[in-house]
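*Asks:* Let me begin by handing over the structure; questions about it come next.
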Amino acid sequence: MNARLIVILIALAAVICSTLGVVYARHESRRAAVQLGLLEDQRDEIIAEWSRLQLEQAWLADASHVESKAREHLGMEIPEQALILVVEKP
Amino acid sequence: MSQERTYMAPVSRLYGFLLIFLLCSIALVARAVNLQIVDTEFLQDQGEARYLREVVVPTRRGNILDRNGEPLAVSTPVDSVWVNPKVLLQSPGDIEPLANVLGVDADEIERRLTQRSTREFVWLRRRLHPDVAAQIESLKLHGVFLQKEYRRFYPAGEVTSHVIGFTNIDDIGQEGLELAYNDWLQGKPGLKRIIRDRRGRTIEHVEMVKESVPGHDLSLTIDRRLQYLAYRELKRTVLKHGARSGSVVLLDVKSGEVLAMVNQPSYNPNHSDMDSEGLRNRAITDVFEPGSVMKPFAVASALETGRWTPTTPIDTTPGTINVSGHTISDHRNYGPIDVTRLITKSSNVAATKIALDLEPEHMWNTYDRFGFGDVTGTGFPGESAGVLRNHRRWRRVEQATLAYGYGISVTVLQLAEAFAALADEGRLRRPSLVMGATNPPASVLDPTIARQVAAMLETVTGPEGTGKNARVENYRVSGKTGTSRKASASGYASRYIASFAGFVPSSDPELVGVVMINDPSGGQYYGGLVAAPLFSTVMTGALRLLDIPPDNYEGMIVKAAGVSPGGGQ
């Protein structure tokens, strides 16, 4: 009798524990899912930002853009023949 | 006694429990009847409120990069808006603000949705501007949803459009390398199972059914700087001479890699309004009769017989020759010349005399080895093989015209491939557009003969040559001019194709370039006047950008004594 009661109590305790476990796991999984969603959004945001930066960089580094900057703003030009020295490898 | 109690208790307990269960089931049945018959809306609402859905997880298409990793095609996420007409039509007042944000007529939207009122998914507008998407988001309308999609941007626009091509609204390649490498670039969209509420918000992420796989990046052999340069100069030349179209191709002699490939007319792949005339990558898809740029190959064929050497004399007097009733003439009477001068002066008469001395099969074989009449094997959509008729069907006059580039059709890329082989001692490499391709060289010409032909080509930019305008300061240049009349339905019209094919630096060729200008209408049409200057400007820039040391420097040369390798300044 006593032994059966103990078994039942243990079983009851186990049931309660596992119930709590399920609840906890469920909660944990939802939390993790939300976290995943946030991180995925963050990742997408970063990728989007990166591709925008790539596009911007491509535009800024565009050869004709650089050339016009060099010529007009910095007053650069291709040196005359007489000003070029060719250095040979020793 | 205790035995009696233990026997009796379960029976009374049993009835007790039976009663409780009975009451429970009566309650359940009553509720079920209530829900099914009396309060039917409740269940329907609840059912619709939570539903399990499988949604596609969009994936990114791989980027296309140039040989230095500069982006040429980039996918970036944008929002598209879709509606559920069933829901939205229930609150028609919501259509007005939505239409205002999109800048369209509200009645128009309503009509479209009414036509599709039985559907649950209708695209309203794809690829929104980020600001518009944010405005729609802030309206928080029922039945209106934003879906993330990727839009393709081409930062170099019309400069690279022919090589790269473009994708359609569903991100599938339609032209160019976007089409050829679609499977490689395209990712595999994933699938996830979620529970959504009636407003379309995700309540719970149940499971990932299929992980999305992003597409692979594609690295091209194109150098964006050279591509820009070639495009700008080609456009300028085509405008200046009022030409119908034009192409420039630049190859790396030592690897067969295409460094630049541009055409006019072109189009901007970032806009959808495209004119079909500008879509073709003419350098690969269009063929033309090359004219005199073919002479080096006829000469190479002659040298192979051993009967001809660079100094074998040919008498071109009186400047014309009659072959089977056809008269072939030179620009003027060059008198007695030799094989080298044939190339320098571009003599049709001398080329004819050489061709008629050759076995048709041998001449055909030489042309065939250089890749004429064969696809270049880049895998580019719409690639043309050109036309080189079999020698068994050659007539005598045809054999003569083949020596100076008529009766044969080639693409600009084929010509570049063949000239690269002349430049690299007879080693032919299949041109490639994508990095990592292995194209082992095939020996198509004896190195000695290749060097002899290359030396003849250098005289073309010499003091007496036809290609003086192709000269590049501080470098030795080899090449050949070409001017061909365009064939039309009624024989050869007075319309021309000006071309120049050549390589630099002559002492150790690194770059080969082919320029083709179709139908210049500004009065000038000679290859030496229209195409050669373009070759010169493109090569001048390319040699500087690629740091190729000059081989014909007349200024001061100093020895760098005591400078450690790698140490700057």
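Just so it is clear, none of the values below were taken in a lab; they were calculated from the coordinates. In this text the structure is predicted, and so the values were computed from the model without any measurement. Glycine gets a Cβ as well: all are built from the backbone with ideal geometry, and neighbour counts include every protein chain shown.
*Asks:* Using only Cα atoms, what Kirkwood radius does the range B:55-144 have, in angstroms?
*Replies:* This gives a value of 14.9 Å.
*Asks:* Follow-up question, since we're still on this one. Could you calculate the FRET efficiency of A:E45 with A:A13 from 1/(1 + (r/R0)^6), where r is the beta carbon distance between them and R0 is 60 Å, rounded to 0.05?
*Replies:* Given R0 = 60 Å and the Cβ-Cβ separation, E is 0.80.
*Asks:* How long are the semi-axes of the equivalent ellipsoid of the protein assembly as shown, defined as square roots of 5 times the Cα gyration tensor eigenvalues? Whole Å, largest first.
*Replies:* Computed over the protein assembly as shown, the values are 75, 28, 26 Å.
*Asks:* Taking 2.2 N^0.38 Å as the expected size of a compact globular protein, what ratio does the Cα radius of gyration of chain A give against it, to two decimals?
*Replies:* So the Cα radius of gyration is 2.91 times the expected 2.2 N^0.38 Å.
*Asks:* Arrange the following residues from fewest to most other Cβ atoms within 10 Å of their Cβ: B:H391, B:H362, A:H27. Can you show the working numbers first?
*Replies:* Numbers: B:H391 18, B:H362 14, A:H27 10.
Listed from fewest to most nearby Cβ atoms, that is A:H27, B:H362, B:H391.
*Asks:* Which aspartates and glutamates have a Cα lying under 12 Å from the Cα of B:K210, excluding residues fewer than 8 positions away in the same chain?
*Replies:* B:E54
*Asks:* Oh, and also: Once R0 is set to 25 Å, what does the formula 1/(1 + (r/R0)^6) return for the Cβ-Cβ distance between A:E88 and B:T312, expressed as a FRET efficiency to the nearest 0.05?
*Replies:* 0.05
*Asks:* For the range B:246-403, what class follows from the C-alpha gyration tensor (a ≥ b ≥ c being the square roots of its eigenvalues): rounded when a/c is under 1.5, otherwise prolate if a/b is larger than b/c, else oblate?
*Replies:* On the way: a/c = 2.18, a/b = 2.02, b/c = 1.08.
Prolate shape, in that a/c is at least 1.5 and a/b is the bigger ratio.
*Asks:* Now a separate question. Where does the range B:423-539 land on Rg/Rh, using Cα atoms and the Kirkwood Rh?
*Replies:* Using only Cα positions, Rg/Rh for the range B:423-539 is 1.03.
*Asks:* Straight-line reach from B:K559: which lysines fall under 25 Å, measuring Cα to Cα and dropping same-chain residues less than 8 apart?
*Replies:* List returned: A:K89.
*Asks:* Read phi for every residue in the range B:514-525 and hand back ³J(HN,Hα) as whole Hz from Karplus 6.51 cos²θ - 1.76 cosθ + 1.60, θ = phi - 60°, with x for Gly and Pro.
*Replies:* Coupling constants for the range B:514-525: 10, 10, 9, 10, 9, 6, x, 10, x, x, 8, 9 Hz.
*Asks:* A further question follows. About the Cα centre of chain A, how large is the charge dipole given +1 on each Lys and Arg Cβ and -1 on each Asp and Glu Cβ? Please answer in debye to the nearest 20.
*Replies:* The dipole of chain A has a size of about 1120 debye.
*Asks:* Treating only the Cβ of Lys, Arg, Asp and Glu as charged (+1, +1, -1, -1), what charge dipole size does the protein assembly as shown show about its Cα centre? Round to the nearest 20 debye.
*Replies:* Rounded to the nearest 20 debye, it is 1000 debye.
*Asks:* What is the order of B:M208, B:M261, A:M76, B:M456, fewest Cβ neighbours within 10 Å to most?
*Replies:* A:M76, B:M208, B:M456, B:M261
*Asks:* At 15 angstrom or more along the helix axis (alpha-carbon based) and mean Kyte-Doolittle of 0.0 or higher, what helices does chain B contain? Whole DSSP H runs only. Working shown, then result.
*Replies:* Details: long enough: B:2-33 (46 Å, 1.04); B:224-240 (24 Å, -0.88); B:295-305 (16 Å, 0.52); B:412-423 (16 Å, 1.70); B:447-458 (16 Å, 0.50); B:527-545 (25 Å, 1.27).
Flagged H segments are B:2-33, B:295-305, B:412-423, B:447-458, B:527-545.
*Asks:* For chain B, just list the percent of Cα-Cα distances falling in each 10 Å bin from zero outward, please.
*Replies:* Calculated over all Cα pairs of chain B, the distribution is 3, 14, 20, 17, 12, 9, 8, 6, 4, 2, 2, 2, 1, 0, 0 percent.
*Asks:* Can you return the aspartates and glutamates within cross-link range of B:K468? Criterion is Cα-Cα under 12 Å, with same-chain partners fewer than 8 residues away left out.
*Replies:* B:E458
*Asks:* Using a 7 Å offset from Cα along Cα-Cβ at B:F42, what residues in the range B:14-31 end up with backbone N under 16 Å from the label point?
*Replies:* Within reach of a label on B:F42: B:26-31.
*Asks:* Test of understanding: express the Cα radius of gyration of the range B:55-219 as a ratio to 2.2 N^0.38 Å, with N the residue count.
*Replies:* 1.20
*Asks:* Another question about this same structure. Rounded to the nearest 0.05, what FRET efficiency do B:H326 and B:E361 give with R0 = 22 Å and r taken as the Cβ-Cβ distance? Could you check?
*Replies:* With a Förster radius of 22 Å, E is 0.50.
*Asks:* In whole Å, what are the Cα extents of the range B:63-114 along the three principal axes, biggest one first?
*Replies:* Result, largest extent first: 55, 21, 15 Å.
*Asks:* How big is the range B:362-437 by Rg and Dmax over its Cα atoms, in Å?
*Replies:* 13.3, 45
*Asks:* Can you sort B:V209, B:V530, B:V287, B:V74 from fewest to most other Cβ atoms within 10 Å of each residue's own Cβ?
*Replies:* Going from least to most buried by this count: B:V209, B:V287, B:V74, B:V530.
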